[in-house]
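The values are calculated or read from the model by the stated rules, or taken from the named source; none is laboratory data. Computed from a prediction, not measured in an experiment: that's the story for all the values here. Every residue, glycine as well, gets a Cβ built from its backbone with ideal geometry; the counts of neighbours run over all protein chains shown. When the accessible area is computed, the model is the full protein with side chains, heavy atoms only, and any ligands, DNA or RNA have been set aside. Shrake-Rupley method; radii C 1.70, N 1.55, O 1.52, S 1.80 Å.
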Amino acid sequence: MPIYQATASAPVNIACIKYWGKRDTKLILPTNSSLSVTLDQDHLRSTTTSRADPSFEKDRLWLNGVEEEIKDGGRLATCISEMKRMRREVERQDPSLPKLSSYGVHICSRNNFPTAAGLASSASGFAALVSSLAALYSLPASPSELSLIARQGSGSACRSLFGGFVAWEMGSKPDGSDSLAVEVAPREHWPDIHALICVVSDDKKGTSSTSGMQRTVETSTLLEHRIRHVVPARMKAISEAIRARDFDAFARITMQDSNQFHAVALDTDPPIFYMNDVSRAIIAIIVEYNRVSVANGGKLKAAYTFDAGPNAVIYAPKENLKEIIELIVHYFPQAEPFKDPFGLFGTVGVK
Ligand code: 2P0
(Lines give C-alpha, C1' and ligand atoms only; values in the text may rest on other atoms or scores of the structure.)
Protein backbone atom coordinates (compact mmCIF):
# COMPACT_ATOMS: atom_id res chain seq x y z
CA MET A 1 0.00 0.00 0.00
CA PRO A 2 1.43 3.42 -0.88
CA ILE A 3 1.71 5.95 1.93
CA TYR A 4 0.08 9.31 1.26
CA GLN A 5 1.70 11.80 3.59
CA ALA A 6 3.11 15.32 3.42
CA THR A 7 4.76 17.75 5.82
CA ALA A 8 4.83 21.55 5.59
CA SER A 9 5.74 24.35 7.93
CA ALA A 10 4.72 28.00 8.22
CA PRO A 11 6.08 30.87 10.30
CA VAL A 12 4.45 33.41 12.61
CA ASN A 13 3.62 36.85 11.18
CA ILE A 14 3.39 40.17 13.02
CA ALA A 15 1.11 42.89 11.64
CA CYS A 16 2.22 46.49 11.05
CA ILE A 17 -1.29 47.48 9.90
CA LYS A 18 -3.59 45.59 12.26
CA TYR A 19 -6.58 43.40 11.40
CA TRP A 20 -9.28 44.06 13.98
CA GLY A 21 -12.92 43.41 13.12
CA LYS A 22 -14.94 41.12 10.86
CA ARG A 23 -17.72 42.02 8.48
CA ASP A 24 -18.54 38.29 8.13
CA THR A 25 -17.68 36.11 11.13
CA LYS A 26 -18.32 32.75 9.41
CA LEU A 27 -16.21 33.40 6.29
CA ILE A 28 -13.77 35.53 8.34
CA LEU A 29 -13.95 38.62 6.14
CA PRO A 30 -12.25 41.62 7.73
CA THR A 31 -13.48 45.19 8.12
CA ASN A 32 -10.11 46.48 6.89
CA SER A 33 -7.06 45.34 4.97
CA SER A 34 -3.90 44.58 6.95
CA LEU A 35 -0.18 44.14 6.33
CA SER A 36 2.43 42.08 8.15
CA VAL A 37 5.99 40.86 8.16
CA THR A 38 6.43 37.10 8.24
CA LEU A 39 9.16 36.23 10.72
CA ASP A 40 11.71 34.02 9.04
CA GLN A 41 13.52 32.69 12.06
CA ASP A 42 13.48 28.91 12.08
CA HIS A 43 12.42 28.88 15.71
CA LEU A 44 8.99 30.48 15.29
CA ARG A 45 7.14 28.00 13.11
CA SER A 46 4.37 25.46 13.08
CA THR A 47 5.13 22.19 11.31
CA THR A 48 2.29 19.96 10.24
CA THR A 49 2.16 16.47 8.81
CA SER A 50 -0.99 15.15 7.14
CA ARG A 51 -1.65 11.57 6.13
CA ALA A 52 -4.59 10.19 4.18
CA ASP A 53 -5.43 6.52 4.44
CA PRO A 54 -8.51 4.47 3.48
CA SER A 55 -8.40 2.84 6.93
CA PHE A 56 -8.90 6.19 8.72
CA GLU A 57 -12.57 6.36 9.62
CA LYS A 58 -12.63 10.04 10.46
CA ASP A 59 -10.47 13.13 10.31
CA ARG A 60 -8.37 13.64 13.47
CA LEU A 61 -5.89 16.27 14.57
CA TRP A 62 -3.19 16.42 17.26
CA LEU A 63 -1.73 19.75 18.36
CA ASN A 64 1.57 19.49 20.23
CA GLY A 65 0.76 15.84 20.90
CA VAL A 66 -2.75 16.42 22.29
CA GLU A 67 -5.79 15.49 20.23
CA GLU A 68 -8.12 18.40 19.42
CA GLU A 69 -11.77 17.91 18.65
CA ILE A 70 -12.70 18.74 15.04
CA LYS A 71 -16.14 20.25 15.59
CA ASP A 72 -18.70 20.04 12.80
CA GLY A 73 -18.91 23.39 11.04
CA GLY A 74 -15.95 24.71 13.05
CA ARG A 75 -12.83 26.36 11.64
CA LEU A 76 -10.75 23.17 11.44
CA ALA A 77 -13.57 21.25 9.77
CA THR A 78 -14.09 24.09 7.28
CA CYS A 79 -10.42 24.19 6.27
CA ILE A 80 -10.18 20.39 5.90
CA SER A 81 -13.41 20.15 3.88
CA GLU A 82 -12.37 23.04 1.60
CA MET A 83 -9.07 21.29 0.89
CA LYS A 84 -10.89 18.01 0.18
CA ARG A 85 -13.20 19.89 -2.18
CA MET A 86 -10.16 21.16 -4.12
CA ARG A 87 -8.73 17.62 -4.20
CA ARG A 88 -12.04 16.29 -5.58
CA GLU A 89 -11.75 18.76 -8.45
CA VAL A 90 -8.21 17.48 -9.22
CA GLU A 91 -9.46 13.87 -9.08
CA ARG A 92 -12.35 14.73 -11.40
CA GLN A 93 -9.92 16.13 -13.96
CA ASP A 94 -7.61 13.10 -13.70
CA PRO A 95 -9.61 9.98 -12.81
CA SER A 96 -6.42 7.89 -12.59
CA LEU A 97 -5.47 9.64 -9.32
CA PRO A 98 -6.12 7.88 -6.01
CA LYS A 99 -9.34 9.12 -4.36
CA LEU A 100 -7.62 10.73 -1.39
CA SER A 101 -10.55 13.11 -0.96
CA SER A 102 -12.68 10.19 0.22
CA TYR A 103 -10.12 8.98 2.82
CA GLY A 104 -9.96 10.15 6.40
CA VAL A 105 -7.00 12.38 7.16
CA HIS A 106 -4.84 12.40 10.30
CA ILE A 107 -3.04 15.66 11.00
CA CYS A 108 -0.23 16.21 13.48
CA SER A 109 0.90 19.78 14.17
CA ARG A 110 3.64 21.15 16.38
CA ASN A 111 4.82 24.62 17.28
CA ASN A 112 8.56 24.82 17.83
CA PHE A 113 8.20 27.90 20.03
CA PRO A 114 7.18 27.42 23.64
CA THR A 115 3.65 28.54 24.53
CA ALA A 116 5.55 30.52 27.19
CA ALA A 117 6.64 32.94 24.46
CA GLY A 118 3.06 34.21 24.49
CA LEU A 119 2.92 34.32 20.70
CA ALA A 120 -0.22 33.70 18.76
CA SER A 121 0.10 30.31 17.14
CA SER A 122 -3.16 30.26 15.17
CA ALA A 123 -1.59 32.15 12.24
CA SER A 124 1.32 29.77 11.71
CA GLY A 125 -0.84 26.78 12.70
CA PHE A 126 -3.58 27.22 10.10
CA ALA A 127 -1.07 28.24 7.41
CA ALA A 128 0.94 25.05 8.03
CA LEU A 129 -2.25 22.95 8.09
CA VAL A 130 -3.41 24.26 4.73
CA SER A 131 0.08 23.95 3.21
CA SER A 132 0.49 20.35 4.34
CA LEU A 133 -2.93 19.36 2.95
CA ALA A 134 -2.13 21.15 -0.32
CA ALA A 135 1.07 19.07 -0.58
CA LEU A 136 -0.70 15.84 0.42
CA TYR A 137 -3.39 16.42 -2.21
CA SER A 138 -0.90 17.71 -4.85
CA LEU A 139 -3.06 20.78 -5.43
CA PRO A 140 -1.91 23.18 -8.14
CA ALA A 141 -2.87 26.15 -5.93
CA SER A 142 -0.94 29.39 -5.51
CA PRO A 143 -0.19 30.80 -2.03
CA SER A 144 -2.92 33.44 -2.60
CA GLU A 145 -5.48 30.71 -3.42
CA LEU A 146 -4.45 28.76 -0.32
CA SER A 147 -4.70 31.96 1.73
CA LEU A 148 -8.45 32.00 0.99
CA ILE A 149 -8.74 28.73 2.94
CA ALA A 150 -6.25 29.55 5.73
CA ARG A 151 -8.24 32.77 6.28
CA GLN A 152 -11.25 30.67 7.23
CA GLY A 153 -9.16 29.00 9.95
CA SER A 154 -7.93 32.25 11.46
CA GLY A 155 -7.87 35.60 9.70
CA SER A 156 -4.21 36.40 10.34
CA ALA A 157 -3.22 32.91 9.09
CA CYS A 158 -3.79 33.94 5.47
CA ARG A 159 -0.75 36.24 5.71
CA SER A 160 1.58 33.38 6.81
CA LEU A 161 1.29 31.69 3.39
CA PHE A 162 3.91 34.14 2.14
CA GLY A 163 7.30 35.09 3.53
CA GLY A 164 8.45 38.69 3.66
CA PHE A 165 6.01 41.61 3.51
CA VAL A 166 2.41 40.54 3.00
CA ALA A 167 -0.90 42.35 2.56
CA TRP A 168 -4.28 40.81 3.31
CA GLU A 169 -6.61 42.62 0.93
CA MET A 170 -10.00 42.84 2.57
CA GLY A 171 -11.88 42.41 -0.73
CA SER A 172 -15.49 43.39 -1.35
CA LYS A 173 -17.28 40.26 -2.58
CA PRO A 174 -19.81 38.70 -0.18
CA ASP A 175 -18.44 35.19 -0.86
CA GLY A 176 -14.92 36.24 0.24
CA SER A 177 -13.29 35.13 -3.01
CA ASP A 178 -11.26 38.36 -3.19
CA SER A 179 -10.27 38.51 0.50
CA LEU A 180 -6.79 37.08 0.20
CA ALA A 181 -3.10 37.54 0.91
CA VAL A 182 -0.70 38.99 -1.64
CA GLU A 183 3.04 39.52 -1.50
CA VAL A 184 4.09 43.16 -1.19
CA ALA A 185 7.80 42.32 -1.29
CA PRO A 186 9.81 39.17 -0.62
CA ARG A 187 12.06 38.97 2.44
CA GLU A 188 15.18 39.31 0.25
CA HIS A 189 13.97 42.74 -0.85
CA TRP A 190 14.70 44.18 2.63
CA PRO A 191 16.77 41.67 4.61
CA ASP A 192 18.07 44.42 6.89
CA ILE A 193 14.83 44.64 8.90
CA HIS A 194 14.78 42.48 11.99
CA ALA A 195 12.21 41.78 14.66
CA LEU A 196 12.94 41.57 18.37
CA ILE A 197 10.19 40.01 20.43
CA CYS A 198 10.05 41.19 24.04
CA VAL A 199 8.16 38.65 26.11
CA VAL A 200 6.43 40.77 28.73
CA SER A 201 3.99 38.13 29.90
CA ASP A 202 3.26 34.55 29.03
CA ASP A 203 -0.18 34.60 30.71
CA LYS A 204 -3.06 33.57 28.53
CA LYS A 205 -4.62 36.81 27.31
CA GLY A 206 -7.77 38.01 29.05
CA THR A 207 -9.85 38.76 25.95
CA SER A 208 -9.46 36.54 22.90
CA SER A 209 -8.95 38.32 19.58
CA THR A 210 -12.02 36.67 18.08
CA SER A 211 -14.45 37.90 20.74
CA GLY A 212 -12.62 41.17 21.42
CA MET A 213 -12.69 42.36 17.82
CA GLN A 214 -16.42 41.69 17.47
CA ARG A 215 -17.14 43.66 20.64
CA THR A 216 -15.16 46.49 19.04
CA VAL A 217 -17.20 46.22 15.83
CA GLU A 218 -20.44 46.39 17.85
CA THR A 219 -19.56 49.20 20.25
CA SER A 220 -16.67 51.39 19.06
CA THR A 221 -17.39 54.58 17.15
CA LEU A 222 -13.68 55.14 16.58
CA LEU A 223 -13.43 51.89 14.57
CA GLU A 224 -15.61 53.30 11.79
CA HIS A 225 -13.25 56.27 11.44
CA ARG A 226 -10.24 53.94 11.38
CA ILE A 227 -11.74 51.66 8.72
CA ARG A 228 -12.92 54.44 6.44
CA HIS A 229 -10.43 57.24 6.83
CA VAL A 230 -7.18 55.83 8.19
CA VAL A 231 -6.32 52.29 7.08
CA PRO A 232 -6.69 52.67 3.28
CA ALA A 233 -4.11 55.51 3.17
CA ARG A 234 -1.82 53.69 5.59
CA MET A 235 -1.89 50.50 3.50
CA LYS A 236 -0.78 52.49 0.50
CA ALA A 237 1.87 54.49 2.38
CA ILE A 238 3.44 51.51 4.14
CA SER A 239 3.54 49.47 0.92
CA GLU A 240 5.42 52.35 -0.70
CA ALA A 241 7.76 52.60 2.30
CA ILE A 242 8.53 48.87 2.00
CA ARG A 243 9.16 49.10 -1.74
CA ALA A 244 11.48 52.09 -1.16
CA ARG A 245 13.11 50.45 1.90
CA ASP A 246 12.27 53.64 3.80
CA PHE A 247 12.58 52.59 7.44
CA ASP A 248 11.66 56.03 8.78
CA ALA A 249 8.22 55.94 7.09
CA PHE A 250 7.76 52.22 7.83
CA ALA A 251 8.48 52.79 11.53
CA ARG A 252 6.22 55.85 11.83
CA ILE A 253 3.22 54.09 10.27
CA THR A 254 3.80 50.86 12.21
CA MET A 255 3.81 52.70 15.56
CA GLN A 256 0.81 54.86 14.62
CA ASP A 257 -1.19 51.79 13.66
CA SER A 258 -0.31 49.88 16.83
CA ASN A 259 -1.40 52.93 18.82
CA GLN A 260 -4.70 53.17 16.95
CA PHE A 261 -5.45 49.47 17.30
CA HIS A 262 -5.04 49.81 21.08
CA ALA A 263 -7.15 52.97 20.98
CA VAL A 264 -10.07 51.13 19.35
CA ALA A 265 -9.63 48.35 21.92
CA LEU A 266 -9.95 51.01 24.64
CA ASP A 267 -12.95 52.50 22.79
CA THR A 268 -14.74 49.15 23.08
CA ASP A 269 -17.52 48.76 25.66
CA PRO A 270 -16.47 47.38 28.11
CA PRO A 271 -12.92 48.58 27.32
CA ILE A 272 -10.17 46.12 26.40
CA PHE A 273 -6.65 46.69 27.73
CA TYR A 274 -3.97 44.60 26.11
CA MET A 275 -0.86 46.56 27.09
CA ASN A 276 0.43 46.79 30.66
CA ASP A 277 2.93 49.03 32.48
CA VAL A 278 5.91 47.12 31.06
CA SER A 279 4.49 47.49 27.53
CA ARG A 280 4.12 51.25 28.06
CA ALA A 281 7.67 51.46 29.46
CA ILE A 282 8.97 49.77 26.28
CA ILE A 283 7.07 52.37 24.21
CA ALA A 284 8.73 55.13 26.25
CA ILE A 285 12.18 53.61 25.68
CA ILE A 286 11.68 53.39 21.90
CA VAL A 287 10.15 56.89 21.70
CA GLU A 288 13.15 58.34 23.55
CA TYR A 289 15.64 56.29 21.50
CA ASN A 290 14.08 57.69 18.32
CA ARG A 291 13.83 61.24 19.73
CA VAL A 292 17.57 61.36 20.46
CA SER A 293 18.35 60.09 16.98
CA VAL A 294 16.11 62.69 15.30
CA ALA A 295 17.42 65.46 17.60
CA ASN A 296 20.91 64.60 16.32
CA GLY A 297 19.80 64.93 12.73
CA GLY A 298 19.17 61.22 12.26
CA LYS A 299 16.08 59.15 11.48
CA LEU A 300 13.85 56.77 13.37
CA LYS A 301 15.85 53.75 14.50
CA ALA A 302 13.18 51.39 15.80
CA ALA A 303 9.43 50.75 15.73
CA TYR A 304 7.33 49.06 18.40
CA THR A 305 4.12 47.19 17.75
CA PHE A 306 1.79 45.32 20.11
CA ASP A 307 -0.87 42.74 19.28
CA ALA A 308 -3.70 41.46 21.46
CA GLY A 309 -1.45 41.12 24.50
CA PRO A 310 1.33 42.97 26.37
CA ASN A 311 4.31 41.55 24.44
CA ALA A 312 6.28 44.00 22.31
CA VAL A 313 7.67 43.37 18.87
CA ILE A 314 10.37 45.83 17.89
CA TYR A 315 11.25 46.20 14.22
CA ALA A 316 14.66 47.71 13.53
CA PRO A 317 17.50 47.67 11.03
CA LYS A 318 20.00 45.01 12.09
CA GLU A 319 22.70 47.52 12.99
CA ASN A 320 20.52 48.94 15.80
CA LEU A 321 19.54 45.65 17.44
CA LYS A 322 22.48 45.34 19.79
CA GLU A 323 21.91 48.90 21.06
CA ILE A 324 18.18 48.22 21.54
CA ILE A 325 18.78 45.04 23.52
CA GLU A 326 21.31 46.89 25.67
CA LEU A 327 18.73 49.63 26.32
CA ILE A 328 16.07 47.14 27.30
CA VAL A 329 18.44 45.23 29.55
CA HIS A 330 19.48 48.57 31.10
CA TYR A 331 15.89 49.49 32.02
CA PHE A 332 14.87 45.93 32.84
CA PRO A 333 17.98 44.53 34.54
CA GLN A 334 16.18 41.24 35.10
CA ALA A 335 15.66 40.90 31.34
CA GLU A 336 17.51 38.03 29.88
CA PRO A 337 17.65 36.95 26.27
CA PHE A 338 16.28 33.43 26.14
CA LYS A 339 19.24 31.24 25.38
CA ASP A 340 17.40 28.28 24.04
CA PRO A 341 15.83 27.98 21.55
CA PHE A 342 16.06 31.70 20.81
CA GLY A 343 19.26 33.34 19.71
CA LEU A 344 20.29 36.76 21.02
CA PHE A 345 18.62 38.57 18.18
CA GLY A 346 15.25 36.97 18.55
CA THR A 347 13.51 37.19 21.84
CA VAL A 348 14.16 38.84 25.14
CA GLY A 349 12.23 38.14 28.33
CA VAL A 350 11.37 41.27 30.32
CA LYS A 351 8.94 39.84 32.84
C1 2P0 B 1 -3.28 41.12 13.35
N2 2P0 B 1 -4.47 40.39 15.39
O3 2P0 B 1 -3.47 41.76 12.30
C4 2P0 B 1 -4.15 41.47 14.53
C5 2P0 B 1 -3.55 42.51 15.41
C6 2P0 B 1 -4.33 40.73 16.78
C7 2P0 B 1 -4.02 42.17 16.80
O8 2P0 B 1 -5.01 39.01 13.75
O9 2P0 B 1 -10.81 35.52 14.85
O10 2P0 B 1 -6.34 35.41 15.80
O11 2P0 B 1 -8.95 33.91 14.27
O12 2P0 B 1 -9.62 35.73 12.66
O13 2P0 B 1 -6.45 36.14 13.37
C14 2P0 B 1 -5.65 38.30 15.83
O15 2P0 B 1 -6.78 37.82 15.22
O16 2P0 B 1 -8.51 36.29 14.81
C17 2P0 B 1 -5.03 39.25 14.93
P18 2P0 B 1 -9.52 35.32 14.09
P19 2P0 B 1 -6.93 36.31 14.74
O20 2P0 B 1 -2.38 40.26 13.44
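Has segment 202-225 got at least one residue that is in a helix (DSSP H, G or I), of a type in the set (A, V, I, L, M, F, W, C), open to solvent by 40 Å² or more (accessible area, probe 1.4 Å) and within 14 Å of the ligand (Cβ to nearest atom)? Write out each step before concluding.
Kept after step one, since they are in a helix (DSSP H, G or I), are these residues of segment 202-225: 209-219, 222-225.
Next, from what is left, pick out any that are of a type in the set (A, V, I, L, M, F, W, C): 213, 217, 222-223.
Of the ones still in play, those that are also open to solvent by 40 Å² or more (accessible area, probe 1.4 Å) are 217, 222.
Checking the rest, the ones that are also within 14 Å of the ligand (Cβ to nearest atom) come to 217.
The answer is yes, given that some residue of segment 202-225 is in a helix (DSSP H, G or I), of a type in the set (A, V, I, L, M, F, W, C), open to solvent by 40 Å² or more (accessible area, probe 1.4 Å) and within 14 Å of the ligand (Cβ to nearest atom).
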Practice item. Name every residue in segment 315-324 that is under 30 Å from Ile272 (Cβ atoms) and at pLDDT below 95, in order of residue number. Key: Ile324
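Take the residues in segment 29-61 that are hydrophobic (A, V, I, L, M, F, W, C) and modelled with pLDDT under 95; name whichever of them is farthest from Ile3 (Cα to Cα).
Applying the first criterion (hydrophobic (A, V, I, L, M, F, W, C)) to segment 29-61 yields 29, 35, 37, 39, 44, 52, 56, 61.
Restricting the remaining residues to those that are modelled with pLDDT under 95 gives 39, 44.
On the way: Leu39: 32, Leu44: 29 Å.
The extreme case among them is Leu39.
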Review point. Do we have Ala127 as out of contact with any Leu (no Cβ under 9 Å at 6 or more places or on another chain), open to solvent by less than 40 Å² (accessible area, probe 1.4 Å) and within 20 Å of Gly74 (Cα to Cα) here?
Key: no
Review point. Just a yes or no: is a residue in segment 54-69 part of a strand (DSSP E or B), in contact with an Asp or Glu (Cβ under 8 Å, 6 or more places away or on another chain) and open to solvent by less than 20 Å² (accessible area, probe 1.4 Å)?
Key: yes
Exercise for review: Could you grab the pairs with beta carbons closer than 6 Å, sequence gap of 6+ or different chains, first residue in segment 214-238 and farther than 30 Å from Glu183 by Cβ, second one β-branched (Val, Ile, Thr)?
Suggested key: Arg215/Thr268; Thr219/Thr268; Ser220/Val264; Ser220/Thr268; Leu222/Val264
Review point. Out of curiosity, is Ile314 away from the ligand (no atom under 15 Å from the Cβ), crowded, with 19+ Cβ neighbours inside 10 Å and in a helix (DSSP H, G or I)?
Key: no
Check your understanding: How do the pairs read when you match residues in segment 161-172 that are within 21 Å of Pro232 (Cα to Cα) and more than 14 Å from the ligand (Cβ to nearest atom) with residues anywhere that are of a type outside the set (A, V, I, L, M) and not in a loop (DSSP other than H, G, I, E, B), using Cβ under 7 Å and keeping only pairs 6 or more apart or on different chains?
Key -> Gly164/Thr38; Gly164/Glu183; Gly164/Arg187; Gly164/His189
**Study point:** Selection within segment 92-123 - modelled with pLDDT of 95 or more and surrounded by fewer than 16 Cβ atoms within 10 Å (Cβ to Cβ)
**Key:** Arg92, Gln93, Asp94, Pro95, Ser96, Leu97, Pro98, Lys99, Ser102, Gly104
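Residues being in a strand (DSSP E or B) and among the acidic types (Asp, Glu): count how many of those fall in segment 1-41.
Step one: filter segment 1-41 for residues in a strand (DSSP E or B), giving 4-11, 13-17, 22-24, 29-30, 34-38.
Those still in the list that are among the acidic types (Asp, Glu) too: 24.
Qualifying residue count for the region: 1.
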Check your understanding: Given the conditions (1) more than 16 Å from the ligand (Cβ to nearest atom); (2) touching a residue at least 60 places away in the same chain (Cβ under 8 Å), which single one is not true for Asp248?
Key -> (2)
Check your understanding: How many residues does segment 1-25 contain that are more than 9 Å from the ligand (Cβ to nearest atom) and of a type in the set (Val, Ile, Thr)?
Key -> 3
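When the residues of segment 279-300 are narrowed to those that are in contact (Cβ under 8 Å) with a residue 40 or more places away in the chain and farther than 15 Å from Phe332 by Cα, which ends up surrounded by the most Cβ atoms within 10 Å (Cβ to Cβ)? Even if it seems obvious, please write down each step before you answer.
Residues of segment 279-300 in contact (Cβ under 8 Å) with a residue 40 or more places away in the chain: 279, 281-282, 285, 299-300.
Filter once more, so that each one left must be farther than 15 Å from Phe332 by Cα: 299-300.
Details: Lys299: 14, Leu300: 22.
Here the residue is Leu300.
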Practice item. Output the residue which, of all residues in segment 173-188 that are among the charged types (D, E, K, R) and within 18 Å of Ile238 (Cα to Cα), is modelled with the highest pLDDT. Key: Glu183
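Which one is surrounded by the fewest Cβ atoms within 10 Å (Cβ to Cβ), of the residues in segment 179-190 that are in contact (Cβ under 8 Å) with a residue 60 or more places away in the chain and not in a strand (DSSP E or B)? Quick ask: steps written out before the conclusion?
Quick first cut of segment 179-190, residues in contact (Cβ under 8 Å) with a residue 60 or more places away in the chain only: 179, 184, 187.
If we keep only those that are not in a strand (DSSP E or B) as well, we get 179, 187.
On the way: Ser179: 25, Arg187: 16.
Top of the filtered list is Arg187.
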Practice item. Provide a single number: the residues in segment 140-178 that are part of a helix (DSSP H, G or I), open to solvent by less than 10 Å² (accessible area, probe 1.4 Å) and under 25 Å from Arg92 (Cβ atoms). Key: 3
Practice item. Output the number of the condition that Ala237 fails; it satisfies all remaining conditions of (1) among the small types (Gly, Ala, Ser); (2) at pLDDT 95 or above; (3) within 15 Å of the ligand (Cβ to nearest atom). Key: (3)
Practice item. Give Ala251, Ala241 a once-over and let me know the one that is touching a strand residue (DSSP E or B) at 6+ places or on another chain (Cβ under 9 Å), farther than 20 Å from Arg23 by Cβ and open to solvent by less than 10 Å² (accessible area, probe 1.4 Å). Key: Ala251
